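None of the figures in this text is laboratory data; all of them are computed from the coordinates on show. From a predicted model like this one, the values you see are computed outputs, not experimental measurements. Cβ coordinates were reconstructed from backbone atoms using ideal geometry, including for glycine residues, and neighbour counts include every protein chain displayed.
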Amino acid sequence: MNERWVIHLPVVVSDLVAAQRLARVVAHWTHVLPQTDPGGTTVSAEDDQHVRHWVFCDQVMPSGRRCLLRPDHDGECSRRFRQR
């Protein structure tokens, strides 16, 4: 198996909803880079980083990449971002 490395980029915001919103924006910006998997984006409290909250649906698609819709989305999973 090839080694894989994950980049952790700390960004501080005031609450979970704001963290998820900002994480979605950053993921949207980076989705054009083949090295990124925006569907795997999570957020956590600074002092409780082992408890992570999904920013996108955690369902793995047949392609092996994750769904890019919100965790509570209706309907089928998708690799395309949808406006809310």
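Of note:
- Calculated FRET value between Val6 and Arg70, using beta carbons and R₀ = 22 Å, to 0.05: 0.50
- Relative compactness, the range 17-67, computed as alpha-carbon Rg over 2.2 N^0.38 Å: 1.17
- One chain, two ends: Val60 and Arg80. Fully extended at 0.36 nm per residue, the span grows by 5.8 nm beyond their Cα-Cα distance.
- Cleavage-rule hits (chymotrypsin sites (Phe, Trp or Tyr not before Pro)) in the range 3-84: DSSP loop, at most 13 neighbouring Cβ within 10 angstrom: Trp5
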